[in-house]
């Protein structure tokens with residue numbers, strides 16, 4: 001039986017693997033992708049991770065993996081399908097042989113909801129972004145569009161308006177869903193233009209980067225081109241937590257409820273990174289979660 005199985009090999013999972021190995025725990029990191037890194041491998045440039053200004057997201061993920069490999073962290077590729085209680089711990093079932101473990105850290109991350117329009121995947125990381133606080137600084141003095149009308153979309157637009165020349169907010173309704181205080185701040189920005197009752201229908205590019213967003217009014221059917229350098233999509237995030245339903249408490253959006261130590265409602269199971277219910281989802285917070293969760297695992301094992 002393992003001391004620990006870590007589900008997910010993004011920044012949180014790899015950090016947990018590093019800390020667990022340094023602590024002398026018998027640990028295994030499971031990742032369903034063939035490349036470690038989670039969402040950051042699709043980020044063209046990361047400029048807010050201390051010590052690595054302007055690094056490519058894929059390169060940062062590789063450095064994390066190289067660090068883990070050098071310490072002897074054990075990884076395996078598997079698609080986890082169920083975690084269940086057994087005597088003395090838990091059984092992790094996947095498309096491979098089941099693994100028994102005393103503790104589990106769930107670091108399975110979350111995926112940004114996509115629009116599914118032409119150009120979205122093509123220009124991912126090359127002008128299409130799902131995180132304004134991560135990528136907004138690269139568009140200083142440029143024109144961008146934000147798609148969405150909730151709190152996150154409006155917060156993103158306000159953030160971008162501080163540095164960008166022009167910010168279009170494309171919303172499918174005739175009123176925003178964000179809280180009024182945020183709307184007031186948005187409407188006070190003189191470089192923001194709201195495109196009401198409209199959907200983004202295609203993202204165009206030139207020389208490998210975004211050059212325009214095509215929008216269509218859902219009532220008139222009229223289309224127009226917004227010449228922008230970046231498109232920020234803020235239509236929701238979906239945590240990768242479905243397979244853990246019934247085992248641990250989650251909020252109404254599916255995020256795992258866990259405190260700052262990573263402890264969940266089920267003793268012996270911990271959560272780290274974007275799958276955890278929290279206010280800020282960034283690489284630095286995921287890394288911190290991974291370290292905290294392993295410290296909590298050690299305390300838990302010592303108490304058994």
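The values are calculated or read from the model by the stated rules, or taken from the named source; none is laboratory data. Predicted model only: the values in this text are computed from it and were never measured. Cβ atoms come from the backbone with ideal geometry, glycine included; neighbour counts cover every protein chain shown.
Looking only at region 54-73, residues that are surrounded by 15 or more Cβ atoms within 10 Å (Cβ to Cβ) and outside any helix (DSSP H, G or I) come to 3 in all. Can you confirm whether region 221-230 contains a residue that is farther than 19 Å from residue 117 by Cβ and part of a strand (DSSP E or B)? No.
Looking across region 17-45, the residues that are part of a helix (DSSP H, G or I), touching a helix residue (DSSP H, G or I) at 6+ places or on another chain (Cβ under 6 Å) and closer than 22 Å to residue 99 by Cα come down to 17, 18, 19, 20, 21. For region 8-16, the condition holds for at least one residue, the condition being that it is in the same structural domain as residue 293 (by TED's automatic domain parsing), over 18 Å from residue 138 (Cα atoms), in a loop (DSSP other than H, G, I, E, B) and in contact with a strand residue (DSSP E or B) (Cβ under 6 Å, 6 or more places away or on another chain). Against the definition (out of contact with any helix residue (DSSP H, G or I) (no Cβ under 9 Å at 6 or more places or on another chain), within 10 Å of residue 127 (Cβ to Cβ) and in the same structural domain as residue 143 (by TED's automatic domain parsing)), how does residue 221 come out, yes or no? Answer is no for this residue.
I need the full set of residues from region 97-108 which are outside any strand (DSSP E or B) and in contact with a strand residue (DSSP E or B) (Cβ under 8 Å, 6 or more places away or on another chain), in order please.
98, 107, 108 - these are the residues of region 97-108 that are outside any strand (DSSP E or B) and in contact with a strand residue (DSSP E or B) (Cβ under 8 Å, 6 or more places away or on another chain).
Output the number of the condition that residue 227 fails; it satisfies all remaining conditions of (1) outside the structural domain of residue 287 (by TED's automatic domain parsing); (2) touching a residue at least 60 places away in the same chain (Cβ under 8 Å); (3) on the phi < 0 side of the Ramachandran plot; (4) under 25 Å from the mean Cα position of the chain (by Cα). Checking residue 227 against (1) outside the structural domain of residue 287 (by TED's automatic domain parsing); (2) touching a residue at least 60 places away in the same chain (Cβ under 8 Å); (3) on the phi < 0 side of the Ramachandran plot; (4) under 25 Å from the mean Cα position of the chain (by Cα), the one that fails is (4). The lone criterion from (1) touching a residue at least 60 places away in the same chain (Cβ under 8 Å); (2) outside any strand (DSSP E or B); (3) buried (at least 16 other Cβ atoms within 10 Å of the Cβ); (4) under 22 Å from the mean Cα position of the chain (by Cα) left unmet by residue 5 is number (2). If you filter region 171-207 down to residues that are in contact with a helix residue (DSSP H, G or I) (Cβ under 9 Å, 6 or more places away or on another chain) and part of a strand (DSSP E or B), you find that the one that is surrounded by the fewest Cβ atoms within 10 Å (Cβ to Cβ) is 194.
For the residues 235, 210, the requirement of being in a strand (DSSP E or B) and surrounded by 14 or more Cβ atoms within 10 Å (Cβ to Cβ) singles out 210. Residues of region 139-154 that are touching a helix residue (DSSP H, G or I) at 6+ places or on another chain (Cβ under 9 Å) and farther than 19 Å from residue 196 by Cβ: 139 alone.
Being in contact with a helix residue (DSSP H, G or I) (Cβ under 7 Å, 6 or more places away or on another chain) and over 22 Å from residue 165 (Cβ atoms) narrows it down to one of 136, 109, 116, so name that one.
The conditions single out 109.
When region 79-96 is limited to residues that are crowded, with 18+ Cβ neighbours inside 10 Å and touching a strand residue (DSSP E or B) at 6+ places or on another chain (Cβ under 6 Å), the one that is farthest from residue 205 (Cα to Cα) turns out to be 89.
Scanning region 122-148 for residues that are more than 16 Å from the chain's Cα centre (by Cα), in a loop (DSSP other than H, G, I, E, B) and surrounded by fewer than 23 Cβ atoms within 10 Å (Cβ to Cβ) yields 122, 123, 126, 140, 141, 142.
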